[in-house]
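Computed from the coordinates by the stated procedures, all read-outs in this text should not be read as laboratory data. Remember, it's a predicted structure, so these values are computed and weren't measured experimentally. Because the Cβ atoms are built from the backbone with ideal geometry, glycine has one as well, and the counts that use them run over all protein chains shown.
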Amino acid sequence: MSLPIVLVHGLRFSGSMWRPQIDQLTQQGRRVTACDLPGHGSRRGEPFSLGGAVEAVLGAIDDLGDRALVAGLSLGGFVSIATAAAYPHRVAGLVAAGCTARPAQTLAQVYRIPTALLDRLPDKGQAVNERFHRLTLRGDGAEAVLDGGLAMEAAHAVIDAVADMDVLGALSAYDGPVWLINGSRDHFRIHEKRFLDACADARLLNIPRAGHLVSLDQPENVTRIIADAADVASLRRPQPPPRRPGATPMLEDPTHQDPAP
């Protein structure tokens with residue numbers, strides 16, 4: 001039996017963004033699910049926290065079995081990394097897409113100011129975001145994103161929570177196989193070499209003609225990578241539970257000084 005797969009969505013999105021992958025993976029006979037994180041999709045209105053997001057992923061693993069490949073994009077990538085660090089015995093393999101930038105250095109620059117500007121609009125930028133995705137996503141990608149709704153109100157809490165994450169430390173704490181995926185045009189590639197070096201067992205894949213939403217820009221390629229990763233991770237021997245299960249995701253060390261990229 002193939003290894004189950006849990007898919008984790010990006011900021012403001014929901015599990016519906018993974019519809020292209022779910023359709024293809026299901027056709028292959030694989031067990032796959034896409035969870036909604038707190039404050040998003042079916043859980044809009046709930047407060048977001050990194051710990052709560054990790055528990056949502058763990059719950060999705062529970063629904064499918066004992067272990068799973070966990071794959072996330074952007075915010076979902078950071079949450080997937082945190083889950084792997086906290087529950088390595090439950091995450092047989094990790095696919096982290098569009099998230100190879102240290103959050104403390106990038107989130108403030110990329111998201112805080114635009115979010116503040118969108119907050120001034122009557123609809124918090126809902127119409128602008130919908131129009132953007134309809135113009136930029138090919139095929140059924142826009143509908144896959146928009147069908148689950150856009151949680152514009154969740155952005156501030158997500159940025160505050162993820163900005164404090166020591167993502168390189170979390171990657172270092174996980175000894176399972178890791179696939180780091182980026183679109184070749186993605187602005188979040190800035191620290192990809194450091195992310196690769198932090199992993200015990202990793203490979204870095206850059207997909208041509210794709211941007212930040214690589215799973216929607218190149219859905220067939222990403223689906224193939226996820227399926228191959230699940231097959232590889234299924235061969236990994238199960239790890240024993242840690243002595244203190246449920247450890248909280250690592251936070252940024254305030255004394256750490258990262259050199260310029």
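Some observations on this one:
- Sparse-neighbour loop sites [trypsin sites (Lys or Arg not before Pro); the stretch 117-193; at most 11 other C-beta within 10 Å; DSSP]: Arg120, Arg138
- The stretch between Glu220 and Asp63 holds 54.0 nm of extra length on full extension. This uses 0.36 nm per residue minus the Cα-Cα distance.
- In this simple spin-label model, placing a label point 7 Å from the Cα along the Cα-to-Cβ direction at both Gln239 and Met1 gives a separation of 2.3 nm.
- Restricting the stretch 123-221 to GluC sites (Glu not before Pro) in coil, as DSSP defines it, with at most 10 other Cβ within 10 Å: none
- Charge sum, other residues only, whose C-beta stays under 12 Å from Pro238's C-beta, Lys/Arg counted +1 and Asp/Glu -1: +3
- Under 13 Å, Cβ to Cβ, from Leu146 - net charge with Lys/Arg +1 and Asp/Glu -1: 0
- Peptides 76-83, 164-171 ranked from most to least packed, by the mean per-residue count of other Cβ atoms within 10 Å: 76-83, 164-171.
- Summing charges over all other residues whose Cβ lies under 10 Å from the Cβ of Ile5, with Lys and Arg as +1 and Asp and Glu as -1, gives +2.
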